[in-house]
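Participant: Starting off with a structure, shown below.
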Amino acid sequence: MSNLKDAPQLAATHSNLSEYAEDTPNIDLIKRRQRHLGASILFYDQPLHIIRGEGSYLYDHHGRQYLDCYNNVASLGHCHPRVVDALYRQAKLLNTHTRYLHENVIEYAEKLSGMMPTGLDISMFVCTGTEANELAMRIARAVSERNGVITMKASYHGNSTLAHEISAAAWPEDGLPGHVVAVEPPNTYRGPFTGSKAGVQYASLLDKAMDELDARGEGTAAFICDTIFDTQGTLEAPPDYFKEVYQRVRARGGLCIADEVQAGLARTGRMWGFEHYDVVPDIVTLGKPMGDGHPIAAVVTSEEIASKFTNSNVYFNTFGGNPVSAAVGIEVLDIVKQESLVAHVEATGNYLKDNLKQLQNQHQIIGDVRGLGLFLGIELVEDPTTKLPAQALARSLPDRLKENGLLIGLSGRDGNVLKIRPPLIFGREECDRVVACLDQVLR
Ligand SMILES: Cc1ncc(COP(=O)(O)O)c(C=O)c1O
């Protein structure tokens, strides 16, 4: 049996699902919510009632301002005026589905393809990262004529049956479904391999995993990996890791899927996370940031792979790629390009990372600062030598930071990594505010 709620990296920032004291702020709303939404998850011991967003900031019902370092869905900032206008203009005119000819979806697919490596020309549109990964798995299975999947330990890829099965965070280590094998993520701070050969050593773990899938009669249909390793605590893989892995997987007839739902769209200081590793995936899945808050997601692959799939499968998605979503998607891509956000994120991310590393010199509890672009992780430890995870302190920090006007999440297999993932438009002033607030709360 799987249980996502018990995964530390997912449970850590979620408040108790049922017990709120009568004097909890907004208790009436909380009770109404519980009555009709059941055990749906809320952040924080004292949940926030957010009513407005603008740029990098969110505002609660008292008008209190919070600097948003959690949201990579409102990628260009909350309520970006150009995105809102694009949505409104198209929504006033027409919204249907992809079974009529419409310029928007074609232009969006053309633009996406133009931003991908050569050969990744076909886009299939869906609404969520889950659907994108579900479809990617179906494609990989149809094309490879195999069934097994290699995923990362402590991974998350979505909430449908297939996506859930490959989300190792949701399963006990020895209880994964028979067609799934999870391998150790390339953690060079505290994993089994940390030296200069770590890339090959971590990649070699796939040989055994693929042998195991063969022995079970499944074979390897796909290797799927979130290229920024969000739920594993934000990792930077050794530079040769993905090259080594992709070679191995392809040699056994499997397809390589890059889950770019977190790392995609300039987030890591490159347009796509896999670009850091000089590899070209067979299938790319996109989601969260693509619509700056609007639900747009996609699977991007080659003509050859797409046509092998569509030869034996029909795929249609009622809402995916509709004219309004496509108008939003186009506007988002245009803004990323026109405002040179890839370069901006790289520069701002380096500035923030350097300043966080300086903060590390003042706080022993900061064991590691890592990540790419504006997706950074701060690993908290009891002691820098033993690296014992500082779980209890980490668990308390998002609430304390929130009281100081800063919204930050937690991740990592032990729930001890602060994750900083602000809108891509984040500036140096905001970075300074993050560092000052962290410094104050850690003191
Ligand atoms: C890496 C990754 N893939 C897929 C998903 C699923 O996306 P969605 O929630 O849009 O279905 C998530 C969501 O958090 C994710 O982090």
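Participant: By a straight-distance test (C-alpha under 29 Å), which lysines pair with Lys387 as possible cross-link partners, with residues fewer than eight away in the same chain excluded?
Facilitator: Lys5, Lys153, Lys197, Lys208, Lys353, Lys357, Lys402, Lys419
Participant: Still on this structure: Once you have a ≥ b ≥ c as the square roots of the Cα gyration tensor eigenvalues for the stretch 103-176, tell me rounded if a/c is under 1.5, and otherwise prolate or oblate according to whether a/b is larger than b/c.
Facilitator: Prolate is the answer for the stretch 103-176, as a/c is 1.5 or above and a/b outweighs b/c.
Participant: Once the other residues with Cβ under 13 Å from the Cβ of Ala163 are scored (Lys, Arg +1; Asp, Glu -1), what is the net sum?
Facilitator: -4
Participant: Can I ask one more? Want the number for Lys387 to Lys357: 0.36 nm per residue separation, take away the alpha-carbon distance, what's left?
Facilitator: Value of the extension gain: 9.1 nm.
Participant: Let me ask something additional. Hydropathy at least 0.5 by Kyte-Doolittle, axial extent at least 20 angstrom from the Cα trace: which helices of the chain, defined as entire DSSP H runs, fit?
Facilitator: Span-like helices here: 323-338.
Participant: Which net charge results for the neighbourhood of Ile30, defined as the other residues with beta-carbon distances under 11 angstrom from its beta-carbon, given Lys and Arg at +1 and Asp and Glu at -1?
Facilitator: +1
Participant: Find out how many positive minus negative residues lie around Arg82, taking Lys and Arg as positive, Asp and Glu as negative, among other residues whose Cβ is under 14 Å from that of Arg82.
Facilitator: Spelling it out: positives minus negatives among the neighbours equals -4.
Participant: Show that you can apply the helix-only estimate: for the chain, add -39,500 (n - 2.57) for every DSSP H stretch of four or more residues, divide by all residues, and state [θ] at 222 nm to the nearest 500.
Facilitator: Helices in the chain give a 222 nm mean residue ellipticity of -12000 deg cm²/dmol.
Participant: Also, I was wondering about something else. With a 10 Å radius around each residue's Cβ, average the other Cβ atoms per peptide and rank 335-343, 319-327, highest first.
Facilitator: 319-327, 335-343
Every number here is computed from the coordinates shown, using simple stated rules; none is lab data. Here the structure is a predicted model, which means the values were calculated and not measured. Every residue, glycine among them, receives a Cβ derived from its backbone with ideal geometry; neighbour counts consider all protein chains shown.
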